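Trainee: Here it is, the structure in full.
Since every read-out is calculated from the coordinates, none of them should be taken as a lab result. Predicted model, so just to flag it, every value in this text is computed and none were measured. All Cβ positions, even for glycine, are placed from backbone atoms using ideal geometry, and neighbour counts span all protein chains on display.
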Amino acid sequence: MVRRSLLVLALPLLAACAGAETPDTGIDDAAMADETREDWVSYGRTSNERRFSPLTQVDDATVQGLSPDWYVVLPDDKGLVSTPLVVDDVLYFIGSMNIVRAVDATSGEPIWTYDPRVRDYADRMRVGWDHNRGIAFWGDKVYVATWDGRLNAVDADTGTEVWSATTIDPSLPLYITGAPKVFDGKVLVGNGGTEHGPARGYVTAYDAETGEQAWRFWIVPGNPADGFESDAMRMAAETWTGEWWVHGGGGNAWHGFTYDEELNQLYIGTGNGSPWNQKIRSPEGGDNLFLSSIVALDPDTGEYLWHYQDTPGETWDFNSNMDIVLADLEIDGEQRKVILHAPKNGFFYVLDRTDGSLISAEPFTEVTWASHVDPETGRPVENADARYPDGRTVIAPGPLGGHGWHAMSFNQETGLAYFPGIHASYVYDDTNIDHATWRSEPWVGGLGVEGGFGASLREDNVFSTLQAWDPVRQELAWEVPLPGVYSPGTLTTAGNLVFQGRLDGIFAAYRADTGEELWTHDVGLGISAPPITYAVDGKQYVALLVGFGSVMAAVGGAGVAQYGWAYGEHDRMLVAFSLDGAATLPPQPDPVVPIPREESFEVDAELAARGAQVYAKCSWCHGNGAIAAGMTPDLRSSRIITSLERFAGVVRDGERAAEGMPMYPDITLDDLVGLQHYIREQAELALAARREAGG
Ligand code: CA
């Protein structure tokens, strides 16, 4: 790494001419728009977010020869969901606890590690989601958003922090799991939290060089009595009713940012309502702008330009935070500049991105909440019982959506978009909820509606498929049934290939035009991250992070625990494949489903009932019923629960903050004791069921 050593030596000189316009690596808007590059310089590879690589060394004829070339074992990592970046010959990625590493892209040799020390914020962060979907690159810096709400700029050569901006008020139940978006010398960051308390979404842009705030765009209006931040908020407030601001309103943009350099527009995908139930949030109805929309902003000022709302009056957790992919398509004999978007509500949208008008929308999965999208008005035509008018309804899709955040790729040569579709119905039930008095408490959170996942509505009962969607014809070209529910994202290449990892640990390549499976490799652990590809010195690599994670690994409960990717049992890895790869991945243990520990601990039902209330906070990471799905230790098999002293050390005093366990300094002894009894009660129930089953 001679080149890098020279750069390090030259740093004082560079600092002396601060303000120079030319960045070290040349990563700017032009570089991010360059389709011919062989590396992977932004979240969606290039600024059109297509995740389409022009590389053809690995193609539909040679892919059978793909094998591991190098790997890095990541012993301290847990759920890995991010897209690595490759600039020239260095690969950068964000892992657990938002730690960023730079490694040699041809060998995995470490170059630097940057630790933003999120553990120091463990008293602030009450949701231990220490994963993040990606980082951004601009000039000579890497941009890193942290779960506690900081946006940090890091020197790309040395990994040292250059500046840090705080983007969320620490008293609010907000957090960040999304990649920052860089454009035109600015860095945009959003946040999540609609389910974790009263939340009001916004995005903020910072100067990439200095970290100074450039602008902020609020997504839903606040209390009119406080005045509106913008004309857009004044307009949006007309579409809300009741005292929505008490509940926050929601709309949090935690994913789905695209910069359109050609039209000088920035598109943000907005979130669902806070709370989910519109009868609470906005009791007289209304569209509730700008929930569940694509909003186009002026990148220079953050001013509103236009919006398309896919789910007016959202009441099902149908956010629109999914990838916003730019394409130029011939539709009805006309060249159109379009957005491709497959949000949670189950319709695939093709929008005219010059003004946000609807070109077409068709269901890509089972959709029972609306019959169709009216091409004249651009609005969905809802079915009569969709809004659970009598308290309870079963519809599809559910809160996981027909498609989640998992990367969608688009291949202009096949004309197809590739993404994992979800096929789950959901029971929405607010029969037992008093709309007038319901409130959510910060960090405990709540939805304002109860429910649970129902069946797949497919005849084959499959919950997840890899879908190849033709956006011009608005129809499915091909599909592949997948294991599990929440499958990871895709990559497509000019070699007529689609790559996707699976929840059963299989990494697979398919023919992009037909879906024929051409190659698989078993990495021994469920995959949740999307793959990338790049070339260095004429050699093509396909790389991905291996580490079962994301929201279903937190809240998925028994249905996900059964996959066997229990916390800490399998090696987390960064793996790169090539056609002449000769590495052998480390052997992985068989799948492990945690078994509750036998303990001599007498459960008191009353204390357990109190603990069940307290546990509502814990369930966001440790799973409903204390059944961990893989992101966290299974508390029913924990050795420390029955020792009040050790338990308090972890929960109250933050002894495991370095591993991602938030600390709750204010928790009372009574609450801790309640938790003990609740967790042991759940353990005893599971043990009794095992004995009953003869297990
Ligand atoms: Ca949500």
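Trainee: For the range 49-204, divide the Cα radius of gyration by the Kirkwood radius and give the resulting Rg/Rh value with two decimals.
Mentor: A ratio of 1.01.
Trainee: With just the Cα atoms of the range 22-78, tell me how far they stretch along each of the three principal axes, in Å, largest first.
Mentor: Per principal axis, max minus min of the Cα coordinates gives 38, 37, 20 Å.
Trainee: Long-range amide H contacts for Val81: which residues qualify at under 5 Å (H placed 1.01 Å from N, peptide plane, sequence gap of 5 or more or a different chain)?
Mentor: Asn132
Trainee: Give, in nm to one decimal, the length gained when the segment between His372 and Ala658 is fully stretched (0.36 nm per residue of separation minus the Cα-Cα distance). Write out the running numbers ahead of the final one.
Mentor: Numbers: separation 286, 0.36 × 286 = 102.96 nm, distance 4.86 nm.
Extra length available between His372 and Ala658 comes to 98.1 nm.
Trainee: If you take the charge dipole of the chain about its Cα centre, with +1 on Lys and Arg Cβ and -1 on Asp and Glu Cβ, which of His403, Thr437, Val381 is farthest toward its positive end?
Mentor: Thr437
Trainee: Moving on to the next point. Excluding residues fewer than 8 places away in the same chain, name every one of the lysines whose C-alpha is closer than 24 Å to that of Lys78.
Mentor: Output for Lys78: Lys617.
Trainee: Right, here's the next one. Quick test of the membrane-span-like rule: which DSSP H helices of the chain reach at least 30 Å along their long axis (C-alpha atoms) with mean Kyte hydropathy at least -1.0?
Mentor: Numbers: long enough: 669-692 (34 Å, -0.33).
Span-like helices here: 669-692.
Trainee: Can you list, largest first and rounded to whole Å, the semi-axes you get for the range 605-692 by taking the square root of 5 times each eigenvalue of its Cα gyration tensor? Let's see the in-between values first.
Mentor: Numbers: eigenvalues 81, 46, 26 Å².
Semi-axes (√(5λ), whole Å): 20, 15, 11.
Trainee: Could you work out the pair-distance distribution P(r) of the range 274-344 from its alpha-carbon pairs, with 5 angstrom bin width and percents rounded to whole numbers?
Mentor: Per 5 Å bin, starting at zero, the Cα-Cα P(r) for the range 274-344 comes out as 3, 15, 19, 19, 18, 13, 8, 4, 2, 0 percent.
Trainee: Now for a different question. Rounded to a whole number, what is D in µm²/s for the chain from Stokes-Einstein with the Kirkwood radius over alpha-carbon pairs (4 °C, 1.567 mPa s)?
Mentor: Details: Rh = 25.5 Å.
Once the numbers are plugged in, D ends up at 51 µm²/s.
Trainee: What are the extents of the Cα atoms of the range 538-579 along their three principal axes, listed from largest to smallest and rounded to whole Å?
Mentor: Taking the Cα atoms of the range 538-579, the three principal extents are 46, 18, 12 Å.
Trainee: Dipole size in debye (nearest 20) for the chain around its Cα centre, Lys and Arg Cβ +1, Asp and Glu Cβ -1?
Mentor: On the way: 47 positive and 100 negative charges, 293 e Å.
My answer is approximately 1400 debye.
Trainee: Shifting gears a bit: Considering the dipole of the range 285-371 built from charges on the beta carbon (Lys and Arg +1, Asp and Glu -1) around the Cα centre, which of Ile294, Tyr304, Asn321 is farthest to its positive end?
Mentor: The listed residue farthest towards the positive side: Asn321.
Trainee: Among DSSP beta bridges lying fully in the chain, give the percent that are antiparallel, nearest 5.
Mentor: Working: 130 of 135 bridges.
Of the beta bridges lying entirely in the chain, close to 95 percent run antiparallel.
Trainee: Over the Cα atoms of the range 458-505, how large are the radius of gyration and the largest Cα-Cα distance (Dmax), in Å?
Mentor: Values for the range 458-505 (Cα only, Rg and Dmax): 11.9, 34 Å.
Trainee: Using the reciprocal of the averaged 1/r over all distinct C-alpha pairs, how large is the Kirkwood radius of the range 215-374 in Å?
Mentor: Numbers: mean 1/r = 0.0627 Å⁻¹.
Mean inverse Cα-Cα distance, inverted, gives 16.0 Å.
Trainee: Continuing with the same structure: Looking at Met233, Gly489, Leu351, which one has the Cα that reaches farthest to the positive end of the dipole of the chain (charges on Cβ: Lys, Arg +1; Asp, Glu -1)?
Mentor: With unit charges placed on the Cβ atoms, the residue in question is Gly489.
Trainee: Right, another one. How far apart, in nm, are two points set 7 Å out from the Cα along the Cα-to-Cβ line at Arg439 and at Ala688?
Mentor: My value for the distance between the label points is 3.7 nm.
Trainee: So, one more: Which of the GluC sites (Glu not before Pro) across the range 370-433 are loop residues per DSSP, with 14 or fewer other Cβ within 10 Å?
Mentor: Glu376, Glu413
Trainee: Would you calculate the convex hull of the Cα atoms in the range 165-300 and tell me its volume per residue in Å³? Before the final figure, lay out each step's value.
Mentor: Details: hull volume 13.9 nm³, N = 136.
Output value, Cα hull per residue: 102 Å³.
Trainee: Assuming R0 = 45 Å, can you tell me the calculated FRET efficiency for the pair Trp163 and Glu450, based on Cβ-Cβ distance, to the nearest 0.05? Mind dumping the intermediate values first?
Mentor: Working: r = 44 Å, r/R0 = 0.98.
With R0 = 45 Å, the Cβ-Cβ based efficiency is 0.55.
Trainee: For a protection proxy built on the mean count of beta-carbon atoms within 10 angstrom, sort 137-144, 383-390 highest first, please.
Mentor: The peptides rank, most packed first, as 137-144, 383-390.
Trainee: Along each of the three principal axes of the Cα atoms of the range 442-598, give the extent in whole Å, ordering the values from largest to smallest.
Mentor: Cα extents, longest axis first: 53, 44, 34 Å.
Trainee: Compute the FRET efficiency between Thr431 and Ala384 as 1/(1 + (r/R0)^6), taking r as their Cβ-Cβ distance and R0 = 25 Å, and round to the nearest 0.05. Kindly include the intermediate steps, with their values, before the conclusion.
Mentor: Working: r = 18 Å, r/R0 = 0.71.
Computed FRET efficiency for Thr431 and Ala384: 0.90.
Trainee: Tell me, in nm to one decimal, what length is gained between Ser107 and Asp29 on full extension, where the rule is 0.36 nm per residue of separation less the Cα-Cα distance?
Mentor: On the way: separation 78, 0.36 × 78 = 28.08 nm, distance 2.85 nm.
Using 0.36 nm per residue and subtracting the Cα-Cα distance, I get 25.2 nm.
Trainee: Still on this structure, I have one more. Can you give the alpha-carbon Rg of the range 337-429 over 2.2 N^0.38 Å, where N counts its residues? Don't skip to the end; give the middle numbers.
Mentor: Details: Rg = 14.3 Å, N = 93, 2.2 N^0.38 = 12.3 Å.
Ratio of Cα Rg to 2.2 N^0.38 Å: 1.16.
Trainee: Compute the FRET efficiency between Thr642 and Asp115 as 1/(1 + (r/R0)^6), taking r as their Cβ-Cβ distance and R0 = 30 Å, and round to the nearest 0.05. Present the calculation step by step, with values, prior to reporting the outcome.
Mentor: Details: r = 33 Å, r/R0 = 1.11.
Efficiency, from the Cβ-Cβ distance: 0.35.
Trainee: Hey, rough spin-label estimate for Ala582 and Thr36, points 7 angstrom out along Cα→Cβ, what's it come to in nanometres?
Mentor: 3.4
Trainee: Next up: Give me the one-decimal nm value for the distance between modelled label points at Arg234 and Asp537, 7 Å along each residue's Cα-to-Cβ direction.
Mentor: The modelled label-to-label distance comes out at 6.2 nm.
Trainee: May I ask you to work out the translational diffusion coefficient for the range 557-653 at 25 °C, viscosity 0.890 mPa s, via Stokes-Einstein with Rh from the Kirkwood sum over Cα pairs, reported in whole µm²/s?
Mentor: Numbers: Rh = 15.9 Å.
Approximately 155 µm²/s, per Stokes-Einstein.
Trainee: With the calculation restricted to Cα positions, what are the radius of gyration and Dmax of the range 490-551 in angstrom?
Mentor: Here Rg and the maximum Cα pair distance are 12.0, 38 Å.
Trainee: With charges set only on the Cβ (+1 for Lys and Arg, -1 for Asp and Glu), what does the dipole of the range 605-692 come to about its Cα centre, in debye to the nearest 20? Each step should come with its number before you reach the end.
Mentor: Values: 10 positive and 12 negative charges, 51 e Å.
For the range 605-692, the charge dipole is close to 240 debye.
Trainee: May I pose another question? Are there any chymotrypsin sites (Phe, Trp or Tyr not before Pro) in the range 328-435 that are in a DSSP loop and have at most 11 other Cβ atoms within 10 Å? List them by number. Intermediate values should be presented prior to the final figure.
Mentor: On the way: sites: Phe347, Phe348, Tyr349, Phe364, Trp369, Trp405, Phe410, Tyr418, Tyr426, Tyr428; in loops: Phe364, Trp369, Trp405.
In loop regions of the range 328-435 (DSSP not H, G, I, E or B), there are no sparsely surrounded chymotrypsin sites (Phe, Trp or Tyr not before Pro).
Trainee: Here is a further query. What net charge is computed for the residues neighbouring His196, neighbours being all others with C-beta under 11 Å from the C-beta of His196, Lys and Arg scored +1, Asp and Glu -1? Don't skip to the answer; put the middle values down first.
Mentor: Numbers: positive: Arg126, Lys617; negative: Glu195, Glu441.
Net of charged neighbours comes to 0.
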